[in-house]
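The values are calculated or read from the model by the stated rules, or taken from the named source; none is laboratory data. These figures come from a predicted structure and were not determined experimentally. Backbone-built Cβ (ideal geometry, glycine too); neighbour counts: all protein chains shown. Areas reflect the complete protein model, heavy atoms only, side chains present, ligands, DNA and RNA absent. Shrake-Rupley method; radii C 1.70, N 1.55, O 1.52, S 1.80 Å.
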Amino acid sequence: MEVFLLLPVVFALSFGVYTAHSTPESHADVHIVYLGHNNGLSPSLTSESHLQLLSRVFTKPDEAREAILYNYNCGFSGFAALLNSTQASTLSETEGVISVFRSRILELHTTRSWDFMGLNLHTQMEQSSEMHLKFGADVIVGVLDTGVWPESESFRDDPHYGPIPSSWRGTCVKGDDSSFDPATACNRKLIGARFYLAGIEAELGPLDTTGGAEYRSPRDRVGHGTHTASTAGGGVARNASYFGLGRGVARGGAPRARLAVYKVCWYRDLTGRCSDADILAAFDEALCDGVHVVSASLGSPPPLMPLFATSTEIGAFHAMQRGVVTVFSAGNDGPDASVVQNVSPWGITVAASTIDRRFPTAITLGNNASIVGESFLADGMKEKQLVESSSVFVDGTCTFDQLISRTAATGKLVLCFATSGPVSSEGAAVAVYAGNGDGVIFADTISRKSSQDNFLPTVHVDLHQGTQILYYIRASRNATVRISPSKTVVGKTPAPAVAYFSSRGPSSITPHILKPDVTAPGVNILAAWPPKSSPTAIPLDKRSTDWNFDSGTSMSCPHVSGIAAIIKSVHPTWSPAAVKSALMTTAYMYDDTSDVMLAGGTLKAADAFDVGAGHVDPLRALDPGLLYDAGPRDHVLFLCALGYTAAQIRQLVLPDTSSLDTTCPPGGDPHSSGDLNYPAIVLPDLSAPVTVRRTVTNVGRGGGAVYRAAVASPQGAHVEVWPRELAFNPYHGGGDTASYYVTVAPAKASRGRFDFGEIVWSDGFHRVRTPLVVRVTNLPDDAGATSGAAAYSQAAY
């Protein structure tokens, strides 16, 4: 009875009878019904209210109870259930329901990197002394991924960690089989482990666990989760290498942080698949377990769903309100524009870039000519016959369906070109293996060439090198080749450069919000790996390793998660928006030769849609000088701009005080979403002068400071900043705020071209950089183009 009486308050439901009852022949899919925050109700009370709501579209209460897969009842309110389309539609029209959406299947975005960024265990920089005492101590990083291999050296116990933080409320679960023993798996490093599979099994059927194909427990079958967890917060492991390559000390970015693993992705189709329903369940429990940072290297490519019809964005929104930083991968669909994923302003979205480590591999042809490619060959290859692909494949395309015969490549190395049809190095390796070949030389464009390992020996060269090898083969009656063992070379390659696969902006649903936010190392990252999983995840690959190289924004995401953990350990009171601001305003755009970073997949310099604000700088992020913070009212105005009503916003935003204003400005403002207090300014449709406001908080040491602005205007736009000087009182000890206004006026005719500039505030020590992105869509009259007058301003707050 108590729950029934609370329902009008929680959901504002009418108590009429719904007609959308389930019928035996109706097809049910997994849907998520999202209801906002839980109004402070207990989990049990929240779950009962979910059942009351769901019962309206079922004939019997027992049917409703059986339909529920998850109750989201702690971090926020909602549930996942098996519903037919009519039931889902009826619930979506119910007052008090924010959204109802089909649960989708998301995909994964699959040591030296820390030293490359200056985060060295032995660094003696005065400015980082406080950080080196902490290195993420007692910050809890929750990793939503494929689980963990707890026996890895990255997760071993260490008495120096001290007791598990008293704020931790999570647990380490056994699972449905004997593959994971909490008594031995969890310790003071790996303090929690859970798994979620109700959603994935409801959508794709029961897991195949025969012969260790998967584990119904937190144990990692894929390898991806072990890799990302050890990258974010793994302990120090010496003498780590991939079959002797990259040998050195492996560690996470925050080696003294604690790890909690939430297995939401499962081995399907040779990769990890993740259900929205399971992801949201993990977010719900992680927030109540007490994590400080959530790391999620997963997503779904465009078309993107609305922010509150996406599990990751809902989870990140409630994490933000609880002070938890959420870090996402940007996706691996580059270099095309506007394919970036995970685009909400309350999450940190990370692109991928290279580090200064290569694995040169000498190729010696039968005529003694030598070409240097890249590979991961520990032992090299003795002299082999070398053939071009047309002698093995019908049309010269290195794909399985074009194979001439199962013996066409016997004992041979095959030269394959990425440009000869749609073929990847992995696909070429499988196809050559199917023809009984011994290896592949794979030629790709200089903007896309990689050094990814395959189960069959593969050496990567560029098109020019590949063409020279092709000419040699055609000029020789019996072409041969020798491959020397690969070497590890550090510091000889300009870095960072944007990885060609890294997904680019602008955001396809929130164009006023810059995405990605930053970039971080994501190419050939060495981290822990389950020895029961092959390094390529291909069943034909029978190798075993404790450490593996992997590439993707999946790898760059945990780098930033580790840095966020360090920032939280040094500045525990900073909000997620403040942490993001520190990362963005201190990021840099140049490689280690002082040239602008190269945008991989192209031959152009990187811009804000490639890298966001730039490459993360962990040391500078600890002392950024100024911060762009965002409170509840900021997010209210952003939600207003997205079209949510005041009533819906009250369900979404946890009020920090009872007096929080959840009303929207009258009339609506098309630029208000761009006026969120974000560490970047994006104006994607500039047809008249626009003014936006930004507010900064002084967090520099000593408190007092005077910052002066320097402006680089985007081409074809006039930019004015007022005031040009911000003074902070030295007697307040920091924490003072100041606002400034940026007026941008169009000065050219442009159709669809984005131009890039920046605003930099400096006090002589700190450099606080804010990217400025403009697309002019109309040429105004001379007065409008040159005055930038406040009379034309369209910003309201």
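What to note about this one:
- Charge-dipole axis of the chain as Lys and Arg at +1 and Asp and Glu at -1 on Cβ define it, positive-most pick from 460, 386, 574: 386
- Three-way shape label, segment 58-103, alpha-carbon gyration tensor, a/c 1.5: oblate
- Across the accessible surface of the chain, with the other protein chains kept in place and a 1.4 Å probe, carbon and sulfur atoms take up 52 percent.
- Shape category assigned to segment 341-399 from the gyration tensor of Cα positions, a/c cut at 1.5: oblate
- Segment 268-312: C-alpha gyration tensor shape, a/c 1.5 cut-off, then a/b vs b/c: oblate
- When the C-alpha to C-alpha distance is required to be over 28 Å, the pairs from 263/532; 382/604; 487/568; 263/580; 449/568 that qualify are 382/604; 487/568; 449/568.
- Three principal axis extents describe the C-alpha atoms of segment 384-517; from largest down they are 59, 36, 26 Å.
- Calculated P(r) of segment 710-759 - Cα pairs past 17 Å, %: 50 percent
- For segment 416-486, the orientation-averaged shadow of the C-alpha convex hull comes to 5.1 nm² (one quarter of the hull surface).
- For segment 707-767, applying the loop criterion from DSSP together with a ceiling of 15 other beta carbons within 10 Å to the chymotrypsin sites (Phe, Trp or Tyr not before Pro) yields 765.
- Charge dipole (the chain, unit charges on Cβ, about Cα centre) - positive-most of 49, 496, 352: 496
- Taken about its Cα centre, the chain carries a charge dipole of roughly 1640 debye when the Cβ of each Lys and Arg holds +1 and the Cβ of each Asp and Glu holds -1.
- In loop segments of segment 602-640 as defined by DSSP, the trypsin sites (Lys or Arg not before Pro) with at most 14 further C-beta atoms inside 10 Å of their C-beta are 604.
- Residue 475/residue 748 FRET efficiency (R0 41 Å; Cβ-Cβ; nearest 0.05): 0.15
- Between residue 712 and residue 540, the distance separating the two model label sites (each 7 Å from Cα on the Cα→Cβ line) works out to 4.7 nm.
- ³J(HN,Hα) computed for each position of segment 411-417 - Karplus, 6.51 cos²θ - 1.76 cosθ + 1.60, integer Hz, glycine/proline x: x, 10, 9, 10, 8, 10, 10
- Comparing 297, 545, 709 along the charge dipole axis of the chain, the residue lying farthest to the positive side is 545, per the Cβ-charge model.
- Rough spin-label spacing in nm, given labels placed 7 Å along Cα→Cβ, for residue 247 and residue 688: 6.9 nm
- Packing, as the average of other Cβ atoms within 10 Å across residues, places the peptides 53-61, 565-573, 486-494 in the order 565-573, 53-61, 486-494, highest first.
- Summarised in one figure, the compactness ratio Rg/Rh of the chain, Cα atoms and Kirkwood Rh, is 0.98.
- Within segment 325-343, backbone nitrogen closer than 13 Å to the virtual label 7 Å beyond the Cα of residue 447 toward Cβ: 334-337
- When you count the other C-beta atoms within 10 angstrom of each residue and take the mean per peptide, 591-603, 527-539 line up highest first as 527-539, 591-603.
- 18 Å cut-off, amide nitrogen to a point 7 angstrom out along residue 210 Cα→Cβ, residues in segment 528-557: 539-540
- Of all DSSP-defined beta bridges confined to the chain, some 65% are antiparallel rather than parallel.
- Pair-distance profile P(r), taking every C-alpha pair of segment 173-319, with 5 angstrom steps and integer %: 2, 9, 16, 20, 20, 16, 10, 5, 1, 0
- Surface accessible to a 1.4 Å probe, per residue, for the residues of the chain, Å²: 37 Å²
- Placing a label point 7 Å from the Cα of residue 492 along the Cα-to-Cβ direction, the residues of segment 225-269 whose backbone N falls under 16 Å from that point are 245-247.
- For residue 626, residues with placed amide H under 5 Å, excluding near neighbours: 699
- Distance between modelled label sites at residue 65 and residue 464, nm, 7 Å Cα→Cβ extension: 7.2 nm
- For segment 248-376, the antiparallel share of DSSP beta bridges with both residues in that region comes to about 55%.
- Disulfide-incompatible cysteines by the Cβ rule (no partner under 4.7 Å) in the chain: 557
- Using only the C-alpha atoms, the convex hull of segment 490-612 corresponds to 169 Å³ per residue.
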